[in-house]
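Each reported figure results from applying straightforward, stated rules to the coordinates on display, with no laboratory input. Predicted model only: the values in this text are computed from it and were never measured. Every residue, glycine as well, gets a Cβ built from its backbone with ideal geometry; the counts of neighbours run over all protein chains shown.
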Amino acid sequence: MLDRNDVAATWIDESSGTVSREIFVSEDIYRLELERIFSQVWLYVAHETEIPNPGDFVTRTMSDAPVVVVRCDDGSVAVLLNSCRHRGVRVCRVDSGSAKNFVCPYHGWSYDQHGRLLTTGFDKLLPAGTDLSTLGLVRVPRIDSYKGLIFASWNPNVASLADYLGDFRWYLDIFFARTPGGMEVVAPPQRSRVKANWKTAAVNFGADNQHIFTTHVGPFAVQPVTIPWPQRRQAMEDGVQVVAEGRHCVTFTLTKFDVPFALYPPELRTLLATRLNPDQQAVLSGLISGAGTLFPNLSFIERMIPSTEPGAGKTVLLRLWQPISAGEMEIVSWCLVDRESSPTYRERSLSDGLRNFGVAGLFEQEDVELWASIGHPSANPFAQAHPFNFRTAVPVLHSPVTDFAGPGDAYRPLLSEVTQFRFLQYWNRMMTGAK
Amino acid sequence: MIESAPVRRVEDPAGSEPWVRAAEPDYVEIREFLFAEAEQLDARHYDQWLARLAPEIEYRVVARVVRSASAEPREFLVLDDRQVDIKARIDQISNPKLTFAENPPPFTRRFVSNIRAQSNSTADAFNVESYLLTYRKDAAVETPYLISAVRRDLLVRTAGALRLRKRHVQLDQSVIASGNLASFF
């Protein structure tokens, strides 16, 4: 086990743009991540629209701990450790549902939606003066939401969610809060297991723009092309990648259409402008595709539905890279639509989203196959003597561009590995305590 | 959230026609159809398999959500394809230059069993249920995996040959054991 004081200062080297292979394969480092990152920061747990009614719940994982995310009778959300205070049995053994109380199936300890212990079933046998209010389910101490995205933190002293998201809210608004109704989860999330380190996926979405030209030749070759390649290439030139708060990353390919929001169905176009400021509108209006990672393990992607009709619309997916070990993660994937979308558009957006970015996605099936091939070749000392390369970050690392309206540090070219590298630099700071 | 659609039963294309147990020769033909398509998919003869699909094919794969026995069942969608989408998938996975998921090709074996078939009165449409156990060994991962599924198909007879008109596949998993489900079921 790694000692708190022996973490390597050499995991990330800024001058060469190199990153230790070890951080993607070591179980010791994974355990340290749980302690120093996943136990400390805000983690995404659910979307508000998954649990709209009192009693609705979903079960999730926060820093390797199973939790129940429940909508309480008073409309608030509670996040409870899914383990009975009596003998540890899971009080909730399903993925989702609706419940007034959570009753442990082992001996019957019963808890309300806030996790308060109602009865042990044998209260009269308890020592006199036993205070049931001290025996509730362990509550995750901090819960907050932003524009439908519910986050929680195991750290009672964590800074506010507003502070944690900070300038990145400007970008989250573009993806998740652009119409009056906001976004809605379309169906229960896809879940799948991949034998790869969670950071591989986090940096892929935050954002590896180079691999599109090698890993993902297929989906562009076999599906209809909405926007011709010269315009797409120019959109990559005009695009930008941004790091906000030093840790959250987003990337855009941007073009200009004669009709604002031309890629969206006509009935959505006027609504899309209603909640965004003019600078945000300009981004969304010309957005061909955008992807990002909210530190540490929540990513998202919006892209056009491949079609010969420009107004065919977009798909928006939210991805959680839930670590299971150093070498394995569970991918949880939600498809979202603007609430005002027509039923037909919803279905199309969902099926296209999954056709490209799900467990059977034309993009994703290729990614995961390659991600799963990193661990074994990197787990030996011969490989670990030679770190991974993010060298294209180096030339632009200290020279963000100044002509982009959004907050944070914006970079070009889009193909530089700069935002991925900064994500890992932030990871390194949290892991080592370095400034 | 929009609830997932309830399990879609394959519908009767001929309206409210009563379905009867398929006659023995039809049953044998259906069984051979299912065995032959499994062989073609395992051999990656995708064009031959595609020719078995009716142009109006509706092909949908779902997986299960773990729910209380007293709660309404739910599923999550894995894919929902029409012919054009299936063709795009095949174009990608059958072209070695366009895929890493299927190049090198995985080893797959599809085991088809528990086939039950119902016929309409004119014996040109069949409701068919079958169980499918798929073994898959991906090139990159040492451990093979198994996926069990139930398939509810609508087969139609056109110009003397059976064609797959609808397929609804329900995978018996709530967390898909692989991140790569490039295969057909």
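Around residue B:76, which amide H atoms from residues at least 5 apart in sequence, or from another chain, sit under 5 Å from its own amide H, with H modelled in the peptide plane? Those qualifying (amide H under 5 Å, at least 5 residues apart or on another chain) are B:63, B:64, B:65. The mean sequence distance of close C-alpha pairs (under 8 Å, at least 6 residues apart), as a share of the length of the range A:8-94, puts its relative contact order at 15 percent. With only Cα atoms counted, the range A:291-394 has Rg and Dmax values of 17.2, 56 Å. Over chain B, the fraction of Cα-Cα pairs per 5 Å bin, rounded to whole percents and listed from the shortest bin up, is 1, 7, 15, 19, 20, 16, 11, 7, 2, 1.
Computed from the alpha carbon positions, the gyration tensor of the range A:140-190 leads to an equivalent ellipsoid with semi-axes of 22, 16, 8 Å, biggest first.
Rg then Dmax, both in Å and based on the Cα atoms of the protein assembly as shown: 25.5, 83.
Applying the Karplus relation 6.51 cos²θ - 1.76 cosθ + 1.60 with θ = phi - 60° to the range A:141-146 yields 3J(HN,Hα) values of x, 10, 9, 7, 9, 9 Hz, where x marks Gly and Pro. Of the trypsin sites (Lys or Arg not before Pro) found in the range B:97-164, those in coil by DSSP whose Cβ has at most 10 other Cβ atoms within 10 Å are B:97. Taking a straight Cα-Cα cut-off under 26 Å and skipping sequence neighbours fewer than 8 places away in the same chain, the lysines within cross-link reach of residue A:195 are B:97, B:137.
About its Cα centre, the dipole of the range A:93-172 is roughly 140 debye, where the only charges are +1 on Lys and Arg Cβ and -1 on Asp and Glu Cβ. Stokes-Einstein diffusion of the range B:75-144 at 10 °C, 1.306 mPa s viscosity, Kirkwood radius from Cα pairs, rounded to a whole number: 104 µm²/s.
The distance separating the Cα centre of the range A:416-435 from that of the range B:151-170 comes to 53 Å.
Reported to the nearest whole Å, the Cα centre-to-centre distance from the range A:277-318 to the range B:65-87 is 25. Convert 20 °C to kelvin, take the viscosity as 1.002 mPa s, use the Kirkwood radius over C-alpha pairs of the range B:126-169 as Rh, and evaluate the Stokes-Einstein diffusion coefficient in µm²/s, rounded to a whole number. Here the translational diffusion coefficient equals 173 µm²/s. Expressed as a whole percent, the proportion of Cα-Cα pairs in the range A:356-420 lying more than 14 Å apart is 71%. Here residue B:39 and residue A:107 are evaluated by their C-beta separation; at R0 = 51 Å the FRET efficiency comes out at 0.45. Over the range A:166-321, what per residue volume does the convex hull of the Cα atoms give, in whole Å³? Normalising the Cα hull of the range A:166-321 by residue number yields 131 Å³.
Based on Cα atoms of the range B:68-113, Rg over Rh with Rh as the Kirkwood radius reads 1.17.
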